[in-house]
Amino acid sequence: MTGPKINERPGTRATLRGYHMSASKARVVLNLIRNVDVTTAQDILAGTTREAADVIGKVLASAVANAVNNDGMQADELFVSAAYADEGVTMKRFTPRARGRAGKIRKRSCHITVIVSRLDDERLDVLRAARSAQAAVSRTRRVASSRRRADQQASLNKRETAAAEAAENEALESEAAQVEAEQNESPETDAIESDTVDSASAVDEVGTDVVEDEVAGGSVEATDAGETPAEETVSHDATEETK
């Protein structure tokens with residue numbers, strides 16, 4: 001007994017008809033996602049650089065949407081049960097060649113069909129276990145990455161704090177050195193000020209003595225000058241009386 005035909009396979013399908021691409025090129029990509037769960041198939045198509053990958057990705061998304069909206073299935077429980085490409089209309093053209101001949105040009109098209117079905121319980125359990133393990137691994141990696149970033153940030157903050165403390169200590173040391181230098185220079189300044197005060201006091205004393213001498217000499221001269229006329233007057237009167 002022959003197996004069921006591809007068109008008679010159960011599941012939810014989506015078909016793209018008359019796409020301008022040869023069926024052989026589309027089949028290369030369809031062979032990659034056949035009998036693969038939908039999530040993995042989408043990842044495979046996202047990492048494929050062929051032109052057919054974009055088109056088949058849209059057809060797969062349409063099939064998943066039909067299964068979810070029309071048949072009430074869960075998207076994470078589906079897999080690609082069938083994927084095939086049939087030949088469509090071929091447009092015949094020609095190009096001129098030498099000696100009046102013509103070369104054939106065949107512009108081919110294809111019909112792309114993707115069928116998705118629900119996984120059986122055994123495969124679904126295995127898939128869920130694999131997904132949970134992958135989620136645990138990714139969570140562990142995220143935790144390790146976050147801790148590593150936190151440690152790096154803590155070490156960076158520690159270095160910045162140490163640098164700030166070192167700068168502050170250096171500033172305090174420079175200020176203390178400046179204060180000490182000013183204290184060392186203060187005795188010389190005091191000595192210079194004391195010498196200046198002594199010299200100023202000496203000059204004041206000398207000036208005071210000179211002024212006193214000048215004042216004394218002036219008073220003597222003033223006295224002499226004041227007494228001389230009186231003596232001369234007395235002596236003149238005495239001479240007149242004698243006569």
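Derivation of every value follows stated rules applied to the coordinates shown; laboratory data play no part. All values reported here derive from a predicted model rather than from experimental measurement. Here the Cβ is made from the backbone with ideal geometry for all residues, glycine too, and neighbour counts use every protein chain on show.
Things to note:
Rundown of residues vs (1) surrounded by 11 or more Cβ atoms within 10 Å (Cβ to Cβ); (2) touching a helix residue (DSSP H, G or I) at 6+ places or on another chain (Cβ under 8 Å); (3) without any contact (Cβ under 8 Å) to a residue 12 or more places away in the chain, yes/no style:
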{"position": "VAL89", "(1), (2), (3)": "yes, no, no"}
{"position": "ARG93", "(1), (2), (3)": "no, no, no"}
{"position": "ILE105", "(1), (2), (3)": "no, no, no"}
{"position": "ARG108", "(1), (2), (3)": "yes, yes, no"}
{"position": "ILE112", "(1), (2), (3)": "yes, yes, no"}
{"position": "ILE115", "(1), (2), (3)": "yes, yes, no"}
{"position": "LEU124", "(1), (2), (3)": "yes, yes, no"}
{"position": "ARG148", "(1), (2), (3)": "no, no, yes"}
{"position": "ARG159", "(1), (2), (3)": "no, no, yes"}
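- Of all residues making up region 94-114, the number that are more than 23 Å from LEU16 (Cβ to Cβ) and either among the basic types (Lys, Arg) or in a strand (DSSP E or B) (or both): 10
- Failed item, numbered, when ILE56 is tested on (1) assigned to a strand (DSSP E or B); (2) under 15 Å from TYR19 (Cβ atoms); (3) among the β-branched types (Val, Ile, Thr): (1)
- Test: residue in region 29-44 that is in contact with a helix residue (DSSP H, G or I) (Cβ under 6 Å, 6 or more places away or on another chain), farther than 27 Å from ALA130 by Cα, in contact (Cβ under 8 Å) with a residue 12 or more places away in the chain and surrounded by 19 or more Cβ atoms within 10 Å (Cβ to Cβ): no
- The listed residue being part of a loop (DSSP other than H, G, I, E, B), of a type in the set (Val, Ile, Thr), out of contact with any Leu (no Cβ under 7 Å at 6 or more places or on another chain) and closer than 29 Å to ALA53 by Cα, out of VAL126, VAL89: VAL89
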